Each structure stands twice: as structure tokens, then as C-alpha cells.
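S.K.: Before anything else, here's the structure in question.
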């Protein structure tokens with residue numbers, strides 16, 4: 001019997017977070033994640049267009065040339081756009097046009113076009129499915145962090161609930177999105193580096209105990 | 001038939017709009033990750049700009065006909081990503097074939113990177129924005145061409161800052177991608193001021 005056990009690698013959440021660490025699929029977060037609701041729409045769309053496309057595209061034979069496979073992946077994502085936009089229109093009927101534009105752009109996102117070839121499709125199907133889901137989780141963390149901060153600063157609300165008067169209306173602009181993503185990326189690097197250093201220190205202590 | 005000067009003026013005005021007012025990177029963040037990647041090497045800035053500009057210009061011209069026929073239909077908007085990917089795909093395969101047939105050495109050299117220049121937000125984003133800003137085929141071509149030049153401008157501005165932003169003077173956790181994003185943010189703010197952006201208080 002085949003051993004189907006595998007250990008889930010949580011790297012995609014922080015250590016290799018697709019937005020903060022790899023700098024991929026940043027455009028929707030920088031421009032469109034201006035509120036928690038927009039972040040939720042982006043995460044739902046990203047899940048449907050990227051994750052489901054990754055699961056489907058795995059079945060394309062590897063003998064098809066890489067240059068053509070990439071095109072086929074984008075076509076599958078473009079087909080997934082149809083149910084995605086129907087679901088988001090149904091759940092969030094009043095969402096902004098700008099968000100729709102960035103959902104459309106997810107047809108060429110790098111999780112599907114690049115990470116599949118360098119990471120996901122090198123693993124068995126089940127392990128790949130979990131790993132890709134963790135990456136989507138990492139994207140959700142990034143989208144919500146940016147969405148929460150910008151909504152609170154720009155509108156003084158959170159999920160539409162009024163907290164206080166807006167303190168920084170320009171927080172909804174793309175330039176603030178760039179700066180905020182840059183700051184979160186640096187924080188993420190600092191946390192990952194600190195964790196790695198403390199793990200190394202613990203390993204050294206443990207080795208000395210054994211000796 | 002339109003006067004040639006009028007056509008030229010349309011192309012230039014839409015190109016200027018997409019370079020400065022609607023810059024792909026600074027205003028829309030289209031392909032920001034590609035621009036950061038490209039900015040590390042001088043030859044990549046030129047090569048990617050050529051690829052992106054050729055694709056945005058040709059694909060914009062082709063997308064005009066679909067925007068006028070499919071988009072006005074009731075559910076036409078659902079199929080636009082598929083149509084745009086189809087247009088880009090046909091041009092991409094045709095371009096690869098021509099390179100393979102007539103410039104084999106160049107094909108071998110660029111085949112690992114060419115998909116990065118073609119399948120990115122800057123190219124497909126230009127096609128989506130064209131449907132909002134373009135009115136006739138000349139304005140579509142102008143906007144598509146301007147998107148490519150706007151990408152060049154952004155990559156060039158990142159390229160000239162790259163060495164300084166990667167220096168020892170920058171704290172280690174900010175070095176590389178984080179400081180690049182902050183730098184793009186500052187330049188984006190400057191572009192916003194240039195076109196008269198004001199925050200609503």
C-alpha cells in the first residue's frame with residue numbers, strides 16, 4: 001500500500017508569503033484592497049481563479065511545451081473568471097468597478113503561471129492541493145492586513161462599522177498601498193529572520209545538552 | 001477619411017495619458033513585480049520594454065474590434081478576459097514562431113523570459129483600460145503604445161535607483177523588495193501630484 005501521509009509545509013503563510021516575501025500578485029492588494037470588504041472579495045476571487053485553476057491545470061500533460069502550458073493556464077483562469085464574477089456580484093452587489101478590474105487581472109497571476117512550475121507541480125497531487133491552499137491563506141493574510149489598516153485610516157470604519165472620523169483619506173490611494181505593502185514586507189522579513197535565529201539558537205542549545 | 005495629423009494627435013494624446021496620468025506601474029500597479037525584476041539589469045529594461053510595448057500595441061489594435069462587438073452584449077463582459085487572453089495567446093505563439101524561424105539565436109536566448117513580458121498585468125490591464133478610455137482604433141493603439149512606454153519609464157526609474165536602494169545604508173530588513181515598494185510609493189505620490197491629485201478631507 002502506498003504511504004499517503006505527508007506533512008503540510010506552512011511556508012506559504014509567512015516565510016514565503018506570496019505578497020510580502022515574494023512580491024507576486026501585488027497589484028490587486030496595492031490598488032483595490034482599500035477596505036476589509038474589498039479584501040474579502042479579492043481573497044474569494046483569488047481562491048476561485050487561482051486555487052481551482054491550479055487543481056485543474058495539474059492534469060495538463062507535462063510533454064506540452066512550457067511556453068504553451070502557460071497560455072493554457074491563463075485560458076483556464078479566464079474561464080474560471082465567469083463563475084467567480086457571478087459569485088462576487090451575487091454576494092457583494094455594490095462592489096466597486098476598480099475591484100472587478102483587478103479580479104479580471106487575476107487571469108495572469110503569478111501563483112498560477114510561475115509557482116505551479118517551480119513548486120506545486122513538483123509535488124504529489126494531495127500535497128500540492130494543501131500547499132497551494134496554504135499559499136492562498138498567505139494571500140488572505142496580506143489582503144486583510146492591508147484592507148483593515150487602510151479602511152480604518154481612510155474611512156474610520158471596519159467592515160463598514162463606524163469607529164471614528166477618518167484620519168488619513170489618502171490611505172485609499174495606490175501610493176499609500178505601495179508604502180504599506182513595503183512596510184509589511186519589511187516586518188514580515190524581520191519576524192521570519194527572528195524566528196529562524198531563535199530556532200538555530202534552540203538547536204545549538206539542544207546539541208550542547210546531548211553532548 | 002481622417003486627416004493624418006488628427007490621427008497622430010489622437011495617438012499621442014492617449015499615449016501621454018497612459019504614460020503620465022495612468023502610468024501602468026505608478027498609478028495602477030500593473031506588473032509592479034515584473035518592473036522590479038526587470039530593473040535589476042539594464043538589458044532587461046530594454047528587452048522587456050520592447051516585448052511589452054509590441055504586445056500592448058498589437059493586442060490593443062486587435063481588442064478594439066472585440067470591444068465594439070462582444071462588450072456591448074448583455075453578458076459580453078464575462079467573456080472579455082477569455083477574449084483578451086486569446087488575442088495575447090495568438091500574438092504570443094505567432095511571435096515565438098517568427099523568432100524561432102528567423103532569429104533562432106534570439107529565440108534561444110529569450111525563451112525562458114518571454115512569457116514574463118507577455119503574460120503580466122501590464123499587458124492585459126492595458127486592454128481592459130482601453131475599453132474605458134479608447135474611442136476609436138487610433139486611441140486604442142495610442143493607449144497600448146503609451147502603456148509600454150510608461151512601463152519603460154517606471155523600470156528606468158527603478159533601475160537608476162536600484163544600486164542605492166540595495167546599499168549598506170538601508171536597514172537589512174528593508175533591503176531589496178520592501179524598499180523598492182516604498183520607493184515606488186514615493187514616485188507614485190509624485191506622479192499623483194503631477195496630475196493634480198488631491199485627497200478629499
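The values are calculated or read from the model by the stated rules, or taken from the named source; none is laboratory data. Note that the coordinates shown come from a computational prediction; the quantities given were computed from them, not determined experimentally. When we count neighbours, we look across all protein chains shown, and the Cβ atoms used for this are built from the backbone with ideal geometry, even at glycine.
S.K.: Looking at (1) in contact with a helix residue (DSSP H, G or I) (Cβ under 6 Å, 6 or more places away or on another chain); (2) farther than 29 Å from residue B:22 by Cα; (3) surrounded by 15 or more Cβ atoms within 10 Å (Cβ to Cβ), find the lone condition where residue A:11 falls short.
M.R.: The number of the failed condition is (1).
S.K.: Further question on the same structure: Those residues that are in contact with a helix residue (DSSP H, G or I) (Cβ under 7 Å, 6 or more places away or on another chain), at pLDDT 90 or above and part of a loop (DSSP other than H, G, I, E, B), I need them from the range B:150-201; list them, please.
M.R.: Result: B:170, single match.
S.K.: For residue B:68, are the conditions met, namely being part of a helix (DSSP H, G or I) and over 23 Å from residue B:30 (Cβ atoms)?
M.R.: Working: part of a helix (DSSP H, G or I): yes; over 23 Å from residue B:30 (Cβ atoms): yes.
Considered against the rule, which asks whether it is part of a helix (DSSP H, G or I) and over 23 Å from residue B:30 (Cβ atoms), residue B:68 comes out as yes.
S.K.: Of all residues in the range A:52-68, count the ones that are farther than 26 Å from residue B:29 by Cα and in a helix (DSSP H, G or I).
M.R.: Counting residues in the range A:52-68 that are farther than 26 Å from residue B:29 by Cα and in a helix (DSSP H, G or I) gives 5.
S.K.: Quick one: residue A:37 ticks every box in (1) closer than 23 Å to residue B:117 by Cα; (2) more than 11 Å from chain B (Cβ to nearest Cβ) bar one, so which box is it?
M.R.: Looking at each condition in turn, residue A:37 falls short on (1).
S.K.: Here is a follow-up. When you look at residue B:39, is it touching a residue at least 12 places away in the same chain (Cβ under 8 Å), surrounded by 24 or more Cβ atoms within 10 Å (Cβ to Cβ) and over 12 Å from the mean Cα position of the chain (by Cα), yes or no?
M.R.: On the way: touching a residue at least 12 places away in the same chain (Cβ under 8 Å): yes; surrounded by 24 or more Cβ atoms within 10 Å (Cβ to Cβ): no; over 12 Å from the mean Cα position of the chain (by Cα): yes.
Spelling it out, it is not the case that residue B:39 is touching a residue at least 12 places away in the same chain (Cβ under 8 Å), surrounded by 24 or more Cβ atoms within 10 Å (Cβ to Cβ) and over 12 Å from the mean Cα position of the chain (by Cα).
S.K.: Run down B:107, B:102 and say which single residue is touching a helix residue (DSSP H, G or I) at 6+ places or on another chain (Cβ under 7 Å), closer than 30 Å to residue A:72 by Cα and without any contact (Cβ under 8 Å) to a residue 24 or more places away in the chain. Talk me through it step by step, then tell me what you get.
M.R.: Details: B:102 fails: touching a helix residue (DSSP H, G or I) at 6+ places or on another chain (Cβ under 7 Å).
Only one candidate qualifies: B:107.
S.K.: Let me ask something else about it. Which condition does residue B:181 not pass, out of (1) surrounded by 20 or more Cβ atoms within 10 Å (Cβ to Cβ); (2) within 18 Å of residue B:15 (Cα to Cα), if it passes all the others?
M.R.: Here residue B:181 clears every test but (2).
S.K.: Next question, about the same structure. Can you name the number of the only condition in (1) buried (at least 24 other Cβ atoms within 10 Å of the Cβ); (2) over 14 Å from the mean Cα position of the chain (by Cα); (3) touching a residue at least 60 places away in the same chain (Cβ under 8 Å) that residue A:25 fails?
M.R.: Condition not satisfied by residue A:25: (2).
S.K.: Select, from A:145, A:106, the only residue that is buried (at least 20 other Cβ atoms within 10 Å of the Cβ), within 18 Å of residue A:50 (Cβ to Cβ) and either within 13 Å of another protein chain (Cβ to nearest Cβ) or under 14 Å from the mean Cα position of the chain (by Cα) (or both).
M.R.: Details: A:145 fails: within 18 Å of residue A:50 (Cβ to Cβ).
That would be A:106, the only listed residue that is buried (at least 20 other Cβ atoms within 10 Å of the Cβ), within 18 Å of residue A:50 (Cβ to Cβ) and either within 13 Å of another protein chain (Cβ to nearest Cβ) or under 14 Å from the mean Cα position of the chain (by Cα) (or both).
S.K.: Would you please name the residue that is nearest to the chain's Cα centre (by Cα), looking only at residues in the range B:93-128 that are in a loop (DSSP other than H, G, I, E, B) and crowded, with 19+ Cβ neighbours inside 10 Å?
M.R.: Step one: of the range B:93-128, the residues in a loop (DSSP other than H, G, I, E, B) are B:103, B:111-113, B:119-120.
Remaining after also requiring crowded, with 19+ Cβ neighbours inside 10 Å: B:119-120.
Details: B:119: 11, B:120: 8 Å.
Looking at the filtered set, the residue picked out is B:120.
S.K.: Okay, next question. Name every residue in the range B:131-149 that is touching a helix residue (DSSP H, G or I) at 6+ places or on another chain (Cβ under 6 Å) and within 12 Å of another protein chain (Cβ to nearest Cβ), in order of residue number.
M.R.: Hit for the range B:131-149 is B:131, nothing else.
S.K.: Which residues, taken from the range B:151-172, are under 12 Å from the mean Cα position of the chain (by Cα) and within 14 Å of chain A (Cβ to nearest Cβ)? Reasoning before the result, please.
M.R.: As a first pass, look at the range B:151-172 and keep what is under 12 Å from the mean Cα position of the chain (by Cα): B:151-155.
B:151, B:154, listed by residue number.
S.K.: If we keep just the residues of the range A:86-100 that are touching a residue at least 24 places away in the same chain (Cβ under 8 Å) and either part of a loop (DSSP other than H, G, I, E, B) or facing chain B (nearest Cβ under 8 Å) (or both), which is surrounded by the most Cβ atoms within 10 Å (Cβ to Cβ)?
M.R.: A:95
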